[in-house]
Amino acid sequence: MRTNLLVANWKMYKTPAQSAEFVEAFLPLISNKNDEIVICPPAVCIPTMVDATRTSSVFVGAQNLHWEKEGAFTGEVSAQMIVAAGCTHVIIGHSERRQYFGETDSTVNKRLEAALEAGLTPVVCIGEVLEEREAGLTEDVLRRQCAVAFRGISGAKAAKLTIAYEPVWAIGTGRTATPKMAADAHAVIRAEVAKAMGDELARKLRMLYGGSVKPENIASLMAEPEIDGALVGGASLDPKSFAAIVNYGAARG
Ligand code: PEP
């Protein structure tokens, strides 16, 4: 049985004061007691968020990490640093990092190894761009991304691995993959994980969908057995909207 996971990616939005205000409004709205809820704020907000969520069931994650423990890497933070700050989760290889900051499948692999080593729950983002989908290359792209990202990582070490399938054409665009499209991609990814790290890990692996998730479409996505949660950008910035997303099962009881 996989525990569902709902992750907010705040990207480069909110100051520490604004993140504290969000938490104050958001916590009383949560009625979902079954799933894991994580907020990944900008790095400067992490201490405020850890403090503000301390007595709640909400976890705090980082949006990135560097694979070295420390060193002359201006602007970077290491796995050890984000753990010491109170983070339990970390997003790795988001498409915006790939598009604007030169992230590659190889650097994803290094960051993933560092995150697992530090005991973090990594949320590794993979997904195709529009041209690749239209050219019928989605499966090839997902296989290539998985093969490089998981190179040398053993199933024994990867128990906490989580993957977010985020078709790049659906991020911040208002276009969402259908639950069936997401489930098909998840099946390809699960098969690759089985190949790289064994069947048992693949069975237990949590896979999230990301790309224009909103209160209006979360229930139909979560109804798909292959989808174990969501990575939410824009719609996670407002406490009411993110609460409506995490409470997707309220009608279910
Ligand atoms: C994201 O940031 O990973 C994302 C999916 O953004 P949005 O929900 O805004 O499409």
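The values are calculated or read from the model by the stated rules, or taken from the named source; none is laboratory data. Everything quoted here is computed from the prediction, not taken from an experiment. All Cβ positions, even for glycine, are placed from backbone atoms using ideal geometry, and neighbour counts span all protein chains on display.
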| task | Kindly indicate whether ASN9 is within 16 Å of the ligand (Cβ to nearest atom) and in contact with a helix residue (DSSP H, G or I) (Cβ under 9 Å, 6 or more places away or on another chain). | result | yes
| task | Could you run through segment 217-253 and say how many residues are more than 23 Å from ILE189 (Cβ to Cβ) and at pLDDT below 95? | result | 5
| ALA158 in a helix (DSSP H, G or I) and farther than 16 Å from THR3 by Cβ | no
| task | Kindly list the number of the only condition in (1) within 16 Å of the ligand (Cβ to nearest atom); (2) under 27 Å from GLY249 (Cβ atoms) that fails for LEU205. | result | (1)
| task | Pull up segment 14-67, narrow it to residues that are free of Cβ contacts under 8 Å to residues at least 40 places away in the same chain and of a type in the set (D, E, K, R), then point me to the one that is farthest from MET222 (Cα to Cα). | result | ASP51
| Failed condition for ILE189, given (1) in a loop (DSSP other than H, G, I, E, B); (2) at pLDDT 95 or above; (3) farther than 27 Å from MET12 by Cβ, with all others met? | (1)
| Candidates ARG111, ARG97 - the one that is part of a helix (DSSP H, G or I) and more than 15 Å from the ligand (Cβ to nearest atom) | ARG111
| Among CYS87, CYS146, which is the only one that is of a type in the set (A, V, I, L, M, F, W, C), at pLDDT 95 or above and not in a helix (DSSP H, G or I)? | CYS87
| Right, THR107: farther than 18 Å from ALA194 by Cα, surrounded by fewer than 19 Cβ atoms within 10 Å (Cβ to Cβ) and among the polar types (S, T, N, Q) or not? | no
| message | Filter segment 114-138 down to the residues that are charged (D, E, K, R), under 25 Å from LEU6 (Cα atoms) and assigned to a helix (DSSP H, G or I) and list them by number. | response | GLU117
| Residue list for segment 230-253, filter: touching a residue at least 24 places away in the same chain (Cβ under 8 Å) and within 12 Å of the ligand (Cβ to nearest atom) | ALA230, LEU231, VAL232, GLY233, GLY234, SER236, LEU237, SER241, PHE242, ILE245
| message | Can you pull out every residue in segment 70-84 that is in a loop (DSSP other than H, G, I, E, B) and touching a residue at least 24 places away in the same chain (Cβ under 8 Å)? | response | VAL77
| task | Take the residues in segment 164-197 that are in contact with a Gly (Cβ under 8 Å, 6 or more places away or on another chain) and within 16 Å of ARG2 (Cβ to Cβ), then tell me which one is farthest from the ligand (Cβ to nearest atom). | result | MET197
